Amino acid sequence: MPDGYPWILVGYFNLMRSLDNRNRPGGDINEMFMFNEAISALGLVELPLTGRKYTRTNKQNPPLLERLDWFFTSVDWTILYPDSSVSTLSMETSDHVPCIVSISTNIPKGGTFRFENYLMEHDQFLNVVQHAWSLPIPELNDMAKIIAARFKNVRRVIKAGQSHLSSLKVNISNVKSVIIFISLLEKFRDLTVQEWNFRKSLEVKLLSLLKQQRIYWKQRGTFRWVIKGDASTKIFHASATIKHRKSLITSLMDLEGNP
């Protein structure tokens, strides 16, 4: 498939990726290594499987359970449908567990506060931190508790401020639209001094926003990706999405492995 085309690859590969993909000791290590090498070389992104851990049984007593069914997508698919996942259904007469692929474009956001590094590029960032640090705190004798209380104030103020900030993507799009409009206007007449200066200001603003966007995605990329290229490429976006997807708890299992 050409680059830029989203696709999904599913099926019974009759191969395992690790020794954990079966409930009994065994498996060909060389086949696992070659399978994982092929997945890496092709740039495949594995969709998470929820529900049952294994997808095939030999239907004997005691049974041999294995994970032999796999679901992969391209990087472009991951960016376009970041919340795609696979869940298992109940197995009846077949020796394979039926699975259903769910496709979604949004990843739900958690309520945990995480500081965004790009906020430090805002002009008023230091003033906001200084204001939050100087807010009143309870009377405490322990210096460590005093510092902790001040950091809590800073966190609360920054968290409230983040919720009111416009999206970087929207801001970048709006600034680009105005720059394009002024450039089109220039084709029909000379710009006034005010219009010329306004476009220059927008160009400076756009560079600042793009820098913030690079910082935003660099924070979400792993160290391995950071040292290999630009922090705002599609592979970084996909990597950040996959990392977020793996951190979600979609189901719980008891000590016997039952969901």
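The values are calculated or read from the model by the stated rules, or taken from the named source; none is laboratory data. For clarity, every value in this text was computed on a predicted model and none was experimentally measured. A quick note on method: Cβ atoms are made from the backbone with ideal geometry, for glycine too, and the neighbour counts reach across all protein chains shown.
May I ask you to say which residue of Ile172, Ile179, Ile158 is assigned by TED's automatic domain parsing to the domain that holds Asn127, in contact with a Phe, Trp or Tyr (Cβ under 8 Å, 6 or more places away or on another chain) and either within 19 Å of Leu126 (Cα to Cα) or touching a residue at least 24 places away in the same chain (Cβ under 8 Å) (or both)?
Ile158
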Among the residues of the range 62-75, are any in a loop (DSSP other than H, G, I, E, B), modelled with pLDDT of 90 or more, surrounded by 11 or more Cβ atoms within 10 Å (Cβ to Cβ) and hydrophobic (A, V, I, L, M, F, W, C)? yes
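Would you confirm, using the coordinates I've provided, whether Asp83 is modelled with pLDDT under 90 and in a helix (DSSP H, G or I)?
Against the criterion (modelled with pLDDT under 90 and in a helix (DSSP H, G or I)), Asp83 does not qualify.
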Taking the range 86-114 on its own, how many of its residues are at pLDDT 80 or above and under 27 Å from Ser163 (Cβ atoms)? 1
Between a residue in the range 38-55 that is charged (D, E, K, R) and any residue that is surrounded by 17 or more Cβ atoms within 10 Å (Cβ to Cβ) and part of a strand (DSSP E or B), which pairs come within a Cβ distance under 8 Å, given they are 6 or more apart or on different chains? Glu46/Trp70; Glu46/Phe71; Glu46/Phe72; Arg52/Thr88; Lys53/Leu65
Taking the range 13-51 as the region of interest, how many residues are among the small types (Gly, Ala, Ser) and loosely packed, with under 11 Cβ neighbours inside 10 Å? 3
Among helices (runs of 4 or more DSSP H) completely within the range 102-193, the ones holding 1 or more residues that are in contact with a strand residue (DSSP E or B) (Cβ under 6 Å, 6 or more places away or on another chain) are none
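May I ask you to verify whether Leu255 is assigned to a loop (DSSP other than H, G, I, E, B), more than 14 Å from the chain's Cα centre (by Cα) and either modelled with pLDDT under 90 or assigned by TED's automatic domain parsing to the domain that holds Asn23 (or both)?
yes
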Could you list, in sequence order, all residues of the range 158-205 that are aliphatic (A, V, I, L, M), closer than 30 Å to Arg114 by Cα and surrounded by 13 or more Cβ atoms within 10 Å (Cβ to Cβ)? Ile158, Leu168, Ile172, Val175, Leu202
Restricting the first residue to the range 133-147 and requiring it to be closer than 20 Å to Ile158 by Cα and assigned by TED's automatic domain parsing to the domain that holds Lys159, which pairs with a second residue that is of a type in the set (A, V, I, L, M, F, W, C) and part of a loop (DSSP other than H, G, I, E, B) meet a Cβ separation below 7 Å and a spacing of at least six or different chains? Ile146/Ile137; Ile146/Leu140
